[in-house]
Amino acid sequence: MALPEREQHYTYADYRAWDDDERWELIDGIPYAMSPGPSTIHQRISIDLTRQFSSFLKGKPCQVFAAPFDVRLNALGDDDDDVFQPDLLIVCDRAKIDDKGLNGAPDMAIEILSPSTAIRDKLLKFNKYQHAGVREYWIVYPADKMVQVFILENGRYLAKSYGETDTIQVHVLEGCEISLPDVFSDN
């Protein structure tokens, strides 16, 4: 299949027909190519966060998923025009999970910034996650060794920032603490 054109509006049905060797996201039906491969620092952060969440969630109803994992944010099936691949996500309602990914908003999404995705993650996805009701959204800044945490209250995100020596109390997972010294130790 030819690469999608930016001027055309696409849906999840179109997205599924594209080449599996390339990663895309859809935001309001506009395709955005994903980076060919994350940096080493990005991978280390992703792996450690996945490890910490997986350890906490063992035997619990919520699950952690790592990219690539399709999130059809608006739960419109093939007509959905928002399809994201957050770096990590937490899902507590297993009924939203199908063989293609997640059909609806996750409880939590985490994006690890890279130069090619920073504007999308901090602006476009931020607004979409807030509107869709994602209860907790983290933006990880690898170069600055910090995390911005956004908690959804009354339909709007409230922000708090954490540095490399902090521990984050995960709002959507009671009792879960994420150690940032572990996350940023090899970076």
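Every number here is computed from the coordinates shown, using simple stated rules; none is lab data. Bear in mind the structure is a predicted one, so any value in this text is a computation, not a measurement. Reconstructed Cβ throughout: ideal geometry from the backbone, glycine too, with neighbour counts over all protein chains shown.
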Among 69, 172, 102, pick out the residue whose Cα is farthest towards the positive end of the charge dipole of the range 38-184, where Lys and Arg carry +1 and Asp and Glu carry -1 on C-beta, about the Cα centre. 172
Note down the magnitude of the dipole of the range 38-184 about its Cα centre, charges +1 on Lys and Arg C-beta and -1 on Asp and Glu C-beta and zero elsewhere, to the nearest 20 debye. 180 debye
Isolated cysteines for the chain, Cβ-Cβ cutoff 4.7 Å, are 176
Using only helices, what value at 222 nm comes out for the chain when you add -39,500 (n - 2.57) per DSSP H run of length 4 or more and divide by the total residues, to the nearest 500 deg cm²/dmol? -5500 deg cm²/dmol
Number of Lys pairs (Cα under 28 Å; 8 or more positions apart or on different chains) in the chain: 22
Computed on alpha carbon atoms, what radius of gyration and Dmax characterise the range 38-184, expressed in Å? 14.3, 44
For the chain: relative contact order, % (alpha-carbon pairs under 8 angstrom, 6 or more apart): 17 percent
